[in-house]
Every structure is written in structure tokens, then in C-alpha cells.
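Enquirer: Here it is, the structure, as C-alpha cells.
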Amino acid sequence: MCDRRSAHGGGEVFATDGPEATRRLAARLIERFGKDAIFALHGELGAGKTCLVQGMARALGVREPVTSPTFALVHEYDGAAPLTHIDLYRLADEGEILELGWDELLERPGIKAIEWAERAAALLPDGTVHVTLDAGDAPERRCVRVWRVEAGA
Amino acid sequence: MRLPHRRRALAAPTPLYPSGAPAGNAAGRRNRVTTARVWPLLAPMRVLGIETSCDETAAAVVEDGRVRASRVRSQVRDHAPFGGVVPELASRRHVEALPGLLAEALREAGLAWSDLDLIAVTAGPGLAGALLVGVGAAQALHAATGLPLAAVHHLQGHLHSVFLGPDAPDPMRVYPMLVLLVSGGHTGLVRVAAPGRQAWIGRTLDDAAGEALDKGATLLGLGYPGGPAIERAARGGDPARHAFPRGRIAGSEAPTGGLDPELCLSFSGLKTALRYYLRDHPEARGGTALRDTAAAYQEAVIDALCARVGAALGRERYAALAGVGGVARNGRLRSRLGEIAATAGIPLLLAAPDWCTDNAAMIAAAAGAGLGRPVPDPAALDVRPNWPL
């Protein structure tokens, strides 16, 4: 099970027992934080970040496959709200992230889901919802920690 | 020394697409196919190709489908410390490398600018900043020489790469052709009904095969690019040592965009499986055990690809099977595809290793075969980072 005390600095911890549970959790996150939220996703290679975004897409009724944006950097989908899927894996520093048209990307309507968001730590606006996926006690399990940085916090 | 060709005396560039059909509609596609067959009968066609969509800068000269010169500068070493392509770095390196490569390609071909008939440039898909370097160069060359431009889809170039070798297959005998396309961010099966008429019939629903290899190599501490690194590390290893998942579709309800789920792939579970295997078996990272781990991981990627190829061949009678793109350089994948094609009794067309990875020869040759998109107003040509196939 997940250690709930690990949710220091507020926030909540959810235990998921497989990719499907992670996708369902993604739908709940959209309900909770709304269809214009910015989600900063953290977790190692294979932690399930893309899986979480697939759950968001499904909740929004997106019909296309949600593939890894590692190569193209940004993928956009149309659903009940637009979904912008951003991957910073290949970007080396903040200069390159800004080159991506960062401000414009974040001002778009709809959900913004950012993988490897820690690479843009200083560039994330107030109100960003952080989601960290950590290994659980079995290979398919994850501890998902969710917290939000409010303005002035 | 070549004799000057009669047509060189004409000052005005001969229109490449005499029909002048607008690109994109059905009529345009038909006309392009017609042009592809008729044009070589009219005059030899010399195409300069430019490719800068990702981390290879490339220039080439192709004459009537034969490669006269091909130059590629890879940025692999520049990107290795980052474990992947770094986009801004890519653009800067393209700017530095392209002028020299263009001059070298022309010199190697023994041609002058005035000997060329067409400039072909990759306009997408790819990294916007990287594509802009090639397109900008093509626009400048058009302004300086008056040569017409053709915008080529990067994957159209890969699909054409099996026709580049000296023993290129007879294009009349290979369609419909099933192509395993494994290049950059793209992984899937393409059904090619005729030149320029193609569609995805299956594709990855998450990571590309090359990405699975790159990220697997990172987890194994093997460096970048991951495909060759894993292939080297796997030499002599036992692929049966551990059974990694074969790219099955987790949760059958995953949307496939209308494609047959049994022809689609998923690699994200494989990456996760490797990560947990290494956590639980730290010894699998080193020594001879690393050989086995790398071999087992590589086998899982290749098995996943080959299973979809086999399924597609079971759905329809194809005239040929082809393998293109960077991952098609993998020796193990090439021999497995050979077995599949032999069982199916159809020819296997594998892009030569030099034409698997990104190059400009395939771009020039595709344009020369009428598979590019004519650019009526070169100054307005824009890049298309998300150009669909």
C-alpha cells in the first residue's frame, strides 16, 4: 500500500492497482480540477504518465489513440474539451521549453498535460496540479500523489 | 564529363507537373501517379534532395531514381549526452551542416546547379525548427536558381526507400505492398495500394518502436541511440532468459482511431516491465546477464512488430512485404522479416541500411517519382510538423 504520510505539503495519495485504475483516476482528476486545468506529471520512465493522459483523453471522449509525444513534443486532441499533451523529455533547459511556444501552449483552452514537468519547474503557473506517479509494492501498482500550488502559496 | 543535355538549353524550368493539378485532391493524386510513369520517358530528371526533419542533416542528388550522391551528417554524438534528440540543438546543427553537404553532394554527382531539374525538400512531419532549416534552404535555392520545388512527406520518402538500390524491384510487381514502417516517432503497418496511395492499417497506440529501444537503452545504461546500442549489447545473449511483454494492447477498449486492434501495438508496458525487472534483478544490468537482458528486450520489441506483420499478411494477399525506417537496420528484425516473407511466399523488400536511417536520397527519389507535392508559390511554402500520411 502507499504511505499516505508521503503527501507532505498537503495533497492526497491514491493507490492504483493497474493501468485501468490509473486511467479511471485520471477521469476523477478532470472532474475535480476542471477542463482547463494544467497537470504537471512526474514519474520515471515507465511510471505511467502517458497512461494517465490516455485516461484523461478517454474521459473527454477523444477517439484517436493517445501516443507518446516524446518525438513530436506536443500532441493535440479534440474531445469534450481540447487536450494538449506535452512531453519535455527531450528538452534540455528552460530556453528550449520557451522556444516551444510555452506561454501560448499554456493559454490554450482545455486540459494541458505535461510529462517530465519538473524540467519546466520555474515556468509552471500558479494553480498547476502536480501529479507524481511512484512505484507501488507490485509492478502494476502505483502510488499517485496529487497536489496543487495555489497563488501566493 | 557529361555532354550537355539538349533540354538544358531551355532557359525556363520545365514544369514538373504538366497537368498543373492542384495538390491534395483525388485528381491530383491520379495525375501524380501518371506523371511518375511518363516523366522518365521524356528526359532524365535530376533532383536535389534536402532532409532536416530530425537529427540527420542530409543532401542528395538522384537521377531517374538512381542515387548519384548522398551526404548525411548525423547529430547522434551531439545528442548522446541527453539520451535523445534535443530540438534546439538539432536546428543549430542543421544550419551549420547543410550548406557544406549541398556543395559536397553536387560535387560528388559531378553536376552544377544548372544541371538540376527539381529541388525536393522534406516539409514534414518532424520538428518544426529543424524542418524550417531545410525548407528555408530550399526556398533560397529556388530564388537563386529558379528551379521548381517539391515538398515531400518524410514518411513517403521512407516508403520509397526500398526502390533506391541498384537492384530495385519492379514497381509494377510489388503492389499491394505491406510496409513495416519504423522510423523516429512513427511505428506501424502501411498498406500501399499503388505509388503515393497508402494508409496506415495498424500503428502503435503509445510509444514508437525506436522510442521503446531508446528508453530501454536508457534504463539499461546503454546510451543513445538505443537501437544499435541494444543490438550490440544483445550479441551472444539469450533472448529466452526473460519473457518481456509482447506489446499487447492493455485494455481492449483503448481507442485505435478506427484501425484493427490486432494490427496495433503498445510498447509502454514493455518499458515498465523492464524497469521493474531491473529493480528486482539488479544483477541483470551487468556482465553477461546484461547480454541476456538486452537480447530479451530486443526480442520482445521485434516479436511485437513481427506478430502484427504476420496478422496483416493473414488478412489480405499482398504482393510484397517491405521494411523501412531506422529500426529496420536491426539485423535480427531483418532476418525475422525474411522468415515471414519466405513463409508467405512473397518477396521481401528491405531498405538498404544506409537508406533506413534518415537521408535525402529517398526524398529526392520520391519527388523524382512524382510522389512530392508541387509548390506553386515557393516563398509561401510552410513546414507541416504534423503532416498526416
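Enquirer: Counting pairwise Cα distances across region B:173-351, what percent come out greater than 21 angstrom?
Expert: 46
Enquirer: Under 15 Å from a label point 7 Å along Cα→Cβ of A:ASP93: give me every residue in region B:90-107 with its amide N that close.
Expert: B:90, B:92
Enquirer: Please identify the GluC sites (Glu not before Pro) of region B:280-379 that satisfy two criteria: DSSP loop assignment and at most 10 other Cβ atoms within 10 Å. Which are they?
Expert: Qualifying residues, ordered by number: B:GLU316.
Enquirer: Taking θ = phi - 60°, what integer Hz values does the Karplus form 6.51 cos²θ - 1.76 cosθ + 1.60 yield along region A:57-66, in sequence order, with x for Gly and Pro?
Expert: Once θ is set to phi - 60°, the couplings for region A:57-66 become 4, 5, 5, 8, x, 5, 9, 7, x, 9 Hz.
Enquirer: Cα to Cα, under 27 Å, and not fewer than 8 places away if on the same chain: which lysines meet these conditions relative to B:LYS215?
Expert: A:LYS49, A:LYS112, B:LYS271
Enquirer: Still on this structure, please answer the following. What percent antiparallel are the DSSP beta bridges of the protein assembly as shown, to the nearest 5?
Expert: Here the share of antiparallel DSSP bridges comes out near 60 percent.
Enquirer: As an exercise, use a Förster radius of 22 Å and the Cβ-Cβ distance of B:THR343 and B:ASP260 to find the FRET efficiency, rounded to the nearest 0.05.
Expert: After rounding to 0.05, the efficiency reads 0.60.
Enquirer: Rounded to the nearest 20 Debye, what is the dipole magnitude of region A:4-148 about its Cα centre when Lys and Arg each give +1 and Asp and Glu each give -1 at the C-beta?
Expert: Here the size comes out at about 720 debye.
Enquirer: Going by a 4.7 Å Cβ-Cβ cut-off, which cysteines of the protein assembly as shown have no partner at all?
Expert: A:CYS51, B:CYS54, B:CYS264, B:CYS306, B:CYS356
Enquirer: Moving on to the next point. Count neighbours as other Cβ atoms within 10 Å of each site's Cβ, and list the trypsin sites (Lys or Arg not before Pro) in region B:273-355 that are DSSP loop with at most 13 such neighbours.
Expert: Here the sparse-neighbourhood loop sites are B:ARG317.
Enquirer: A drop of at least 40 square angstrom in accessible area, chain alone versus all protein chains together, probe 1.4 Å. Which residues of region A:116-146 meet that?
Expert: When all protein chains are present, A:ALA135, A:PRO139 each give up 40 Å² or more of accessible surface.
Enquirer: Given a Förster radius of 60 Å and the C-beta distance between B:ARG92 and A:ALA15 as r, what FRET efficiency does 1/(1 + (r/R0)^6) yield to the nearest 0.05?
Expert: My answer for the efficiency is 0.85.
Enquirer: Rounded to the nearest whole Å², what accessible area per residue is found for the protein assembly as shown with the 1.4 Å probe?
Expert: Here the residues of the protein assembly as shown average 41 Å² of exposed surface.
Enquirer: Moving on to the next point. To the nearest 10 square angstrom, how much accessible area does B:ASP214 have with a 1.4 angstrom probe?
Expert: Here the residue's solvent-accessible area equals roughly 40 Å².
Enquirer: Continuing with this model, one more query. Over region B:173-351, what percent of the accessible surface lies on carbon and sulfur atoms, probe 1.4 Å?
Expert: Here carbon and sulfur together make up 52 percent of the probe-accessible area.
Enquirer: Let me ask something additional. Based on alpha-carbon centroids, what's the gap between region B:267-328 and region A:50-99 in Å, whole number please?
Expert: 25
Enquirer: Starting from the coordinates of the alpha-carbon atoms of the protein assembly as shown, obtain the Kirkwood hydrodynamic radius over all distinct pairs and give the value in Å to one decimal.
Expert: 24.4
Enquirer: So, R0 is 41 Å and r is the distance between the beta-carbons of B:ARG315 and A:GLU150; what FRET efficiency does that work out to, to 0.05?
Expert: 0.15
Enquirer: For the residue pair B:MET172 and B:SER74, what label-to-label distance in nm results when each label sits 7 Å from Cα along the Cα-to-beta-carbon direction?
Expert: 3.8
Enquirer: Quick one: buried accessible area between B and A, total over both chains, 1.4 angstrom probe, nearest 100 Å²?
Expert: So the total buried area for this chain pair works out to about 2500 Å².
Enquirer: With a 1.4 Å probe and all protein chains kept in place, how do B:THR122, B:THR343 rank by accessible area, largest first?
Expert: I get B:THR343, B:THR122, largest accessible area first.
Enquirer: Quick one: grab Rg to one decimal and Dmax as a whole number for region A:41-153, Cα atoms only, in Å.
Expert: Both quantities, over Cα of region A:41-153: 13.9, 40 Å.
Enquirer: Taking only DSSP H segments of four or more residues, each worth -39500 (n - 2.57), what value at 222 nm results for the protein assembly as shown once the sum is divided by all its residues, to the nearest 500 deg cm²/dmol?
Expert: Rounded to the nearest 500, the figure is -11500 deg cm²/dmol.
The values are calculated or read from the model by the stated rules, or taken from the named source; none is laboratory data. Nothing here was measured: the structure is a model prediction, and the numbers come from that model. Ideal geometry is used to build each Cβ from the backbone, glycine not excepted, and the neighbour counts take in all protein chains shown. The accessibility values were calculated without ligands, DNA or RNA, using every heavy atom of the protein model including side chains. Shrake-Rupley method; radii C 1.70, N 1.55, O 1.52, S 1.80 Å.
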